[in-house]
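Encoded as structure tokens, the structure appears first; notes follow it.
The values are calculated or read from the model by the stated rules, or taken from the named source; none is laboratory data. What you are looking at is a predicted structure, and each value in this text was computed from that prediction instead of being measured. Every residue, glycine among them, receives a Cβ derived from its backbone with ideal geometry; neighbour counts consider all protein chains shown. For accessibility, only protein heavy atoms count, side chains too; no ligands or nucleic acids. Shrake-Rupley method; radii C 1.70, N 1.55, O 1.52, S 1.80 Å.
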Amino acid sequence: KVHILVWESQPRVIKFPRRHQRGSSTNGLRRQKRDWVIPPINVPENSRGPFPHMLVRIRSDQDKDVGIRYSITGAGADQPPSGIYNIDPISGNMFVTQPLDREERASFHLRAHAVDMNGNQVENPIDLYIYVIDMNDNRPEFQNQVYNGSVAEGSKPGSSVMQVTATDSDDSTTANGMVRYRILSQSPHSPIPNMFTINSETGDIVTVAAGLDREKVSQYTIIIQATDMEGNLNFGLSNTATALISITDINDNPPELEGKTFSVEVPENKVNLVVTNLSVVDRDQPHSPNWNAVYRIVSGDPTGHFTVHTNPITNEGMLTVVKPVDFEMNRAFMLTVVVSNQAHLASGIQLSRQSTAGVTISVQDENEPPVFPVNPKMIRFEEGVPAGTTLTVFAAQDPDHFVHQIVRYSKLSDPANWLKINRTNGQITTMALLDRESMYVQDNIYEATFLAFDNGSPQASGTGTLQIYLIDVNDNAPVLIPREAQVCERARPNSKINITASDTDADPNVGPFVFELPSFPASVRRNWTISRLSGDYAQLRLRIPYLDSGVYEIPVIVSDSGNPPLSNRSVIRVKVCPCDDTGDCSATGAVAAAGLGTGAIIAILICIIVLLSMVLLFVVWMKRREKERQAKPLLIDPEDDVRDNILKYDEEGGGEEDQDYDLSQLQQPESLDHIINKPAGVRRVDERPVITESQYPARPSLPHPGDIGDFINDGLRAADNDPTAPPYDSLLVFDYEGSGSTAGSVSSLNSTSSGDQDYDYLNDWGPRFKKLADLYGGGDDD
């Protein structure tokens, strides 16, 4: 049994239930009585302490006999959120360690345990239920800080506007969480300060008075207060929100034209021209169906010359000409225009008298171009009418009946240049034959365009088209196709030629055609036969079983069905050739069929042989010329060879050791007279000998690259054997490059005036110095 001891000044004591047993001597069974239910423990939230604060004391009846240890388990003790509750293991005192928040956790379920010192269970665990008592510690919170709602203007009292909702985190079953609503203020106060009311429990806002007018007040701002404690302003907590109520538009204002009458002018023969703009005033919501204007012409325009379009931006009515007006037909129009909205007017609203206006339109006369009554005009004529034939009178009329004007004509388009028009009366005559088969005629119709213009100011002109339907006459003979064909030299069933006749004329001047062979020459009808297959087709075939290969020209006469008929003699070039088993011309047969006889073939072969002979002779001549070129000497006249010549580009002074020498001796002499006229014994030995020079053999202008080695050796031998070749210290003249040089002889360089020097040692230097030894070793004898 559970003992609960309650003291006013002490926490209550909760005991473990006692185990009651009843024995049975027969079977030893024991029955335990049912436990008492432990009442819950109530703990107020937001307690200020001090903490830990003792809640209850838990004890066992057996704590007098054995040592007992107490513990608690569950969420809030040893499970998250852990540490909120604990128990003294010896005394069994249970504590709460911190303030509780019902809005975070409203209840706890713990279990109390009692064990001995060895950890053996002494009592069965007991369930402890702890409930957190709610306190009014939370204000009502609106779901939105600003609410938007709407109601139509002119709504009756009691019309629903919107609903606002506030919630309170406190216990809704107590006054702490019971919220009530009220309206604190309304802005503006027009037409009265209290146009709306709110249901204190549900938060529904409704209208309480009539007189909502969007054109006066388009939006109301209402401050709403929510209070808990059932709306008790002394004890409850409050919060506020804003409700914006928009007054929606209804079509309670008809459109009104700014003027009752309008007067405008319009030129004739103009379309898509805006005559005037009709201004309108509408106080409803701009650019809405209640504001958009719709204009209608209700009278004064039975033929539909005008319409009124709405300008989507300004809402004005644009009176527009959609069908040309004619000054000669109507000089003025009196229109009645009515304006309305796209949406119907609200119930009880009537159109204003200012929604209707009269428009007077005066038509201005313009110079109109001449008009051809029938355009295009069709006439029929046979082709081939002679030049100068009058076809028709193509005259135009001037629509300006009230003004007398003169109309003149000219030709605008005449592709074949067949026609001309009288400038005054519009008479059309021909200038050439009309040919239906011309490329300018389409479907038997020839078109020409003419211009009619008046003498008004400004001048006006109009165009007219004349169509001439050309009736066909039989003026074209038929022709045959193909013009060339081939058949086998031996008559076979499939050895035939299909012939087609064509005629540029039209029916009945075309087929059926008549095909026949002429009687002359007689060989045509003797060797060939022709038969008609249909109206336009015939077959040509051999009449005899065999005909020699060759090319035959077969005349065929074809006649059309005109009245009278026209005939044409056409020649078909037929190639007769021997055929293979399939009926095709063989290669030999193709040559023979091409018209080449034995004589022609022999002539072709002779031409080929002559051409080959010419090519062979040209090759032999080229080979011989090559050999002659190789047999010529490589060396040429020194005057023609530039490789061994001295090219004087500039004059340079001597080196540091040559400053004492007379460099003028290096200049080339202008003539050889001073050498020739010198007496014997005083001529310088280092000057060019005045004797007949050796004639060097000329070499080809374009030497073969492979002969360069031989060329060098030949040049060395010629220089060694040339008696006129100077020694190494003499001026080596290969060619004279013109006169005027100031360079003299180089013999003065490192030379003495003594002639006693011995040059015999030059004989020991080899054959290349033999000439030098002869020049200087001979002394005065040279």
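Taking label points 7 Å from Cα along the Cα-to-Cβ direction, residue 534 and residue 53 give a separation of 12.1 nm.
Strictly greater than 18 Å: what percent of every Cα pair in the range 377-471 meets that?
Values: 2008 of 4465 pairs.
Counting pairs separated by more than 18 Å, the tail of P(r) holds 45 percent.
Solvent-accessible surface of protein heavy atoms, probed at 1.4 angstrom with all chains present, puts 607, 577, 585 in the order 607, 585, 577, largest first.
Using a simple spin-label model with pseudo-atoms 7 Å out from Cα toward Cβ, residue 216 and residue 148 lie 2.6 nm apart. Judged by the gyration tensor of its Cα atoms, with axes a ≥ b ≥ c, the range 439-495 is prolate; a/c meets the 1.5 cut and a/b is the larger of a/b and b/c. Return the subset of 323/420; 627/770; 377/411; 377/420 for which the Cα-Cα distance in this structure is over 27 Å, preserving the input order. Pairs exceeding the cut-off: 323/420; 627/770. Local charge for residue 159 was computed over the other residues whose Cβ lies under 13 Å away, with Lys and Arg +1 and Asp and Glu -1, and equals -1. Based on the Stokes-Einstein relation at 4 °C and a viscosity of 1.567 mPa s, and on the Kirkwood radius from alpha carbon pairs, the range 256-363 is assigned a translational diffusion coefficient of 90 µm²/s. For the pair residue 392 and residue 269, a Förster radius of 25 Å applied to the C-beta separation gives a FRET efficiency near 0.35, rounded to the nearest 0.05. On full extension, the segment bounded by residue 374 and residue 412 gains 12.0 nm, given 0.36 nm per residue less the C-alpha separation.
Classify the range 141-248: rounded, prolate or oblate, from the alpha-carbon gyration tensor (a ≥ b ≥ c, eigenvalue square roots; a/c under 1.5 rounded; otherwise prolate if a/b is larger than b/c)?
Details: a/c = 2.48, a/b = 2.39, b/c = 1.04.
Prolate.
Take the solvent-accessible surface of the protein heavy atoms, probe 1.4 Å, and return the percent of it on the range 41-133 that carbon and sulfur atoms account for. Intermediate results must be reported in sequence, preceding the final value.
Working: 2290 of 4890 Å².
Exposed carbon and sulfur together represent 47 percent of the surface.
Kindly state, to the nearest 0.05, the FRET efficiency for residue 98 paired with residue 167, given R0 = 30 Å and r defined as their beta-carbon distance. That gives a FRET efficiency of 0.65.
Solvent-accessible surface of protein heavy atoms, probed at 1.4 angstrom with all chains present, puts 514, 325 in the order 514, 325, largest first.
Any idea what the relative contact order of the range 333-424 is, in percent, if you count C-alpha pairs under 8 Å spaced at least 6 apart? List each step's numbers first, then the result.
Numbers: 65 pairs, mean separation 20.9, N = 92.
Once divided by the residue count of the range 333-424, the mean separation gives 23 percent.
Spin-label pair residue 160-residue 322: with each label point 7 Å from Cα along the Cα-Cβ axis, the two points sit 4.6 nm from one another. The accessible area of residue 621, taken with all protein chains in place and a 1.4 Å probe, comes to roughly 130 Å².
On the accessible surface of the range 479-577, probed at 1.4 Å, how many percent belong to carbon and sulfur atoms? Result for the range 479-577: 50 percent of the exposed heavy-atom area is carbon or sulfur. The mean accessible area for residues of the range 256-363, using a 1.4 Å probe and ignoring ligands and nucleic acids, is 54 Å² per residue.
I'd like the carbon and sulfur percentage of the solvent accessible area for the range 141-248, probe radius 1.4 Å, heavy atoms only, ligands and nucleic acids excluded. Can you show the working numbers first?
On the way: 2430 of 5330 Å².
About 46 percent, which is the carbon plus sulfur part of the accessible surface.
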